[in-house]
1. Taking the stretch 353-392 only, how many residues are crowded, with 17+ Cβ neighbours inside 10 Å and either not assigned by TED's automatic domain parsing to the domain that holds Ile302 or not small (Gly, Ala, Ser) (or both)?
2. Quick one: which of Arg163, Arg154 is among the basic types (Lys, Arg), in the same structural domain as Gln82 (by TED's automatic domain parsing) and surrounded by 13 or more Cβ atoms within 10 Å (Cβ to Cβ)?
3. Which of the following residues is at pLDDT 95 or above and assigned by TED's automatic domain parsing to the domain that holds Leu149: Ala203, Ala169?
4. Take the residues in the stretch 71-101 that are of a type in the set (Lys, Arg) and loosely packed, with under 12 Cβ neighbours inside 10 Å; name whichever of them is modelled with the lowest pLDDT.
5. Being surrounded by 11 or more Cβ atoms within 10 Å (Cβ to Cβ) and modelled with pLDDT of 60 or more is the filter here, so list the residues in the stretch 419-436 that pass it.
6. Which residue is surrounded by the most Cβ atoms within 10 Å (Cβ to Cβ), if the candidates are limited to the stretch 249-272 and must be under 23 Å from Arg171 (Cα atoms) and modelled with pLDDT of 95 or more?
7. Is it true that some residue in the stretch 214-228 is crowded, with 20+ Cβ neighbours inside 10 Å and either part of a loop (DSSP other than H, G, I, E, B) or at pLDDT below 95 (or both)?
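The values are calculated or read from the model by the stated rules, or taken from the named source; none is laboratory data. Note that the coordinates shown come from a computational prediction; the quantities given were computed from them, not determined experimentally. Quick reminder, even Gly has a Cβ in these numbers, built from the backbone with ideal geometry, and neighbours come from all protein chains shown.
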Amino acid sequence: MSEYRVSAHRTRRTKDGAVEGGKSEEAQRGPASPTAKPGSVSFDGWGVKNNVSDILENEVESLERPVAAEVKKPPKINKYFQAVYDLSASDLHLKAGSPAKVRVKGDIKNINNDVLSNERLEAMIFEIMTPVQRERYAEKGSMDFAYQLNDRVRYRINVFRQRGKTSVAARRINDKILNYNQLHLPPSLERIADLHQGLVILAGITGSGKTTTIAAMLQQINERRACHIVTIEDPIEFLYEDRKAFINQREIGIDVQSFPDALKYLMREDPDVVLIGEMRDRETFEAALNAAETGHLVFCTIHASSAPSTIARILDLFEEGERDLIRLSLVFNLQAIICLKLLPGLKPDVPRLPACEVMIANSMIRKLIEEKRDHEIHAVMRASYHEGMLDFTESLRQMVEGEFISVKTAYAAAPNPDELKMRLKGIKVSGGGIIG
């Protein structure tokens, strides 16, 4: 939604194109000169000479003559976003010198053969960006923001510069927040979301389903618990409506300048549950740990491929001499690590679904973290399925047996294809050995 400033008053443009708030144009220009008389000449608020008697005549005529409402044309880029929706695609890619492309069930396809020029592409994308967003893009060469196509369809957009030209990657966001069953997520996530304190980390590459999974967990809290939820996102993707909880969503670049600025005042906002969009640096992770240590339930995301690599990625944010203290903080505050891989499905009504790895920080997991035995975590997870834990191999086995994904897809995603092959034959592998 575009923002405008008029005479230091915050205004917003409504769906019909009108501007709400702020002063009217007449108020901004000020009253006509009290000494002006019909037939004389004066200056209006834009510094343009006008014959006052002519103005009065024109105003009377305009009152008598019906005026057609100005119809604002939709942004030209909307046709590409609509194509994504119509084709049930997940992503849109626009690049200067190339036709528009979409991702359908993991595969990239052309929408048509119309090659986009850089000038045309920039005109389209700049049309839906605010002046502040265009300024940030010009300064940094990359910009994230969310865009509402209509009442139901929303996109997360990244505009970036490559080889001196503009490119756009846009991901379609579900028009509603789905639950665990609809997303084919393991039931243990429901128990994790019922916690009241600690750190819950969602890990995976970009586009693996982290935000969608967190949305399901936050919506569960929203429906069950009378509490205050604060999210810090870049950009805001899912829009929540208050149920039992009330939710404040802060967007970087719109509501607050940066993650550090948002985190600086986070505890003064009296949250019970916090979402920190992404842990990109040590300051962000320290703020997440501090919130967890002071009795809050904190959700955050990180780019990592497994539970052990998530811990390693966190430790890499810190100097060698600080890592033992961070390990100890994880021992006391970490509740779960949930890793995701989004895979193409076999069923028409389930085009993509996630393979999941769920590590729950029980006493044995905490002991391994404290003693720097991260390489043994998967063995404990394999022995703890009854507690709701899950590794990728078991998740893939379940998806193949449920006929949700192909065997070929499962092998391609498996961290250890040989182990998956044995699991599919009914042979369980634990701690390096084979259990029939």
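1. The number of residues fulfilling the criteria is 20.
2. Details: Arg163 fails: surrounded by 13 or more Cβ atoms within 10 Å (Cβ to Cβ).
Answer to the selection: Arg154.
3. None of the other options fit; the residue is Ala169.
4. Lys72
5. Glu419, Leu420, Lys421, Met422, Arg423, Leu424, Ile427, Lys428
6. Arg250
7. So far as the stretch 214-228 goes, no, none of its residues is crowded, with 20+ Cβ neighbours inside 10 Å and either part of a loop (DSSP other than H, G, I, E, B) or at pLDDT below 95 (or both).
Per-residue answers, yes or no, for (1) among the β-branched types (Val, Ile, Thr); (2) in contact with a His (Cβ under 9 Å, 6 or more places away or on another chain):
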residue: Leu328; (1), (2): no, no
residue: Val331; (1), (2): yes, no
residue: Leu353; (1), (2): no, yes
residue: Ile369; (1), (2): yes, no
residue: Glu376; (1), (2): no, no
